[in-house]
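To keep things clear, I will list the structure first and then write my remarks on it.
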Amino acid sequence: MNDVLKALDEIIALRRDEDPETSYVASLNARGLNKILEKVGEECTETIIAAKDAAASGDREQLVYETADLWFHTMVMLAHLGENAEAVLAELGRRFNTSGLVEKASRQK
């Protein structure tokens, strides 16, 4: 599974500086962080709506589709700010064997 994220990180990095007329990633980066954040917010909202619809209908296809869009745009945001999926996976790995309640409490100090 991490191979997909690693490959996507690499593609996003390669396309970041391509021609914005021919690359969606380049066009987002050319428009700046605010546009990227707008897309992350939009995809987040669409994912929430898809989750509500999936809960009501039992059909999770749109939920998976919207979550993929959210992850993609989040990865574009990370790359724009000099980070990548590996950093997020490392942070998730660091949290293993720690209760979610304990981890959350440690951030509130």
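Derivation of every value follows stated rules applied to the coordinates shown; laboratory data play no part. Computed from a predicted structure; not experimentally measured. Counting neighbours? That spans all protein chains shown, and the Cβs are built from the backbone with ideal geometry, glycine included.
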- Run down the lysines and flag those whose C-alpha is under 28 Å from the C-alpha of Lys104, throwing out any fewer than 8 positions away in its chain. Lys6, Lys39, Lys52
- Query: If the viscosity is 1.306 mPa s and the temperature 10 °C, what Stokes-Einstein diffusion coefficient in µm²/s follows for the chain when Rh is the Kirkwood radius over Cα pairs?
  - Reply: 102
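Quick one: putting +1 on the C-beta of Lys and Arg, -1 on the C-beta of Asp and Glu, what dipole do you get for the chain around its Cα centre, in Debye to the nearest 20?
Details: 13 positive and 20 negative charges, 142 e Å.
Approximately 680 debye in magnitude.
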- Query: What 222 nm value per residue comes from the helices of the chain, counting each DSSP H run with n ≥ 4 as -39,500 (n - 2.57) and dividing by all residues, nearest 500 deg cm²/dmol?
  - Reply: -25000 deg cm²/dmol
